[in-house]
Amino acid sequence: MKVMIGADHGGYALKQTIVRFLQEQGHEVHDAGTHGTEACDYNDAAKDVALAVRAGTVERGILICGTGVGMSIQANKFQGIRAALVSDVYTAEATRAHNDSNILTMGGRVVGEGLALKIVATWINTPFSGEARHARRIAKLENNQ
Ligand code: RB5
């Protein structure tokens, strides 16, 4: 799968770990930065990843900041983006099956590395259920804009 990942300084360390993990799993990873620990605005990586997902350049996006909140708010400003802030494995699975989320956001200061990789693996590997009630609700999300 083609996945684009971005972070701010609060998510940089976890991003590096996730990049390696996804590459080891055979995924094609596009790194939108940031490329160091110097403070930067989460908005910029969120925009780059959201636009790439929306354009279909990549199938999914992952965004990491300190809490994951700024990234999720920013990414969800873009029509067609369904960004899910996740800090547990149950939600990682449910948000793929029910919401067909196309961006995963996490907090690099919230989740530990082991849990984060379980979340990523679950989120990447869980398909959308395709059930009519979930498709109807997603259509309502899109029509709201
Ligand atoms: C940066 O200090 C922090 O505010 C940012 O990484 C993120 O948590 C915002 O939502």
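In the range 69-84, which residue that is within 18 Å of H9 (Cα to Cα) and surrounded by 23 or more Cβ atoms within 10 Å (Cβ to Cβ) is farthest from the ligand (Cβ to nearest atom)?
Within the range 69-84, the subset within 18 Å of H9 (Cα to Cα) is 69-75.
Next, only the ones that are surrounded by 23 or more Cβ atoms within 10 Å (Cβ to Cβ) stay: 71-72, 74-75.
Details: M71: 7, S72: 8, Q74: 9, A75: 12 Å.
Per the stated criteria, the residue is A75.
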Inset, instruction - For the range 98-118, state whether one or more residues are surrounded by fewer than 16 Cβ atoms within 10 Å (Cβ to Cβ), of a type in the set (G, A, S), more than 13 Å from the ligand (Cβ to nearest atom) and at pLDDT 95 or above. - result: yes
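Within the range 15-25, can one find any residue that is surrounded by fewer than 19 Cβ atoms within 10 Å (Cβ to Cβ), at pLDDT 95 or above and within 16 Å of the ligand (Cβ to nearest atom)? Break it down stepwise before answering.
Going residue by residue through the range 15-25, those that are surrounded by fewer than 19 Cβ atoms within 10 Å (Cβ to Cβ) are 16-17, 19-21, 23-25.
Okay, now just the ones that are also at pLDDT 95 or above, so 16-17, 19-21, 23-25.
Cutting the leftovers down to within 16 Å of the ligand (Cβ to nearest atom) gives us 16.
Scanning the range 15-25 turns up at least one residue that is surrounded by fewer than 19 Cβ atoms within 10 Å (Cβ to Cβ), at pLDDT 95 or above and within 16 Å of the ligand (Cβ to nearest atom).
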Inset, instruction - May I ask you to verify whether A46 is over 20 Å from R109 (Cα atoms) and at pLDDT 95 or above? - result: no
Inset, instruction - Inspect the range 49-58 for any residue being more than 16 Å from the ligand (Cβ to nearest atom), touching a residue at least 24 places away in the same chain (Cβ under 8 Å) and among the hydroxyl-bearing types (S, T, Y) and give the result as yes or no. - result: yes
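The values are calculated or read from the model by the stated rules, or taken from the named source; none is laboratory data. Note that the structure is a prediction, hence the values are computed from the model and not measured. Neighbour counts run over all protein chains shown; Cβ positions are idealised from the backbone, glycine included.
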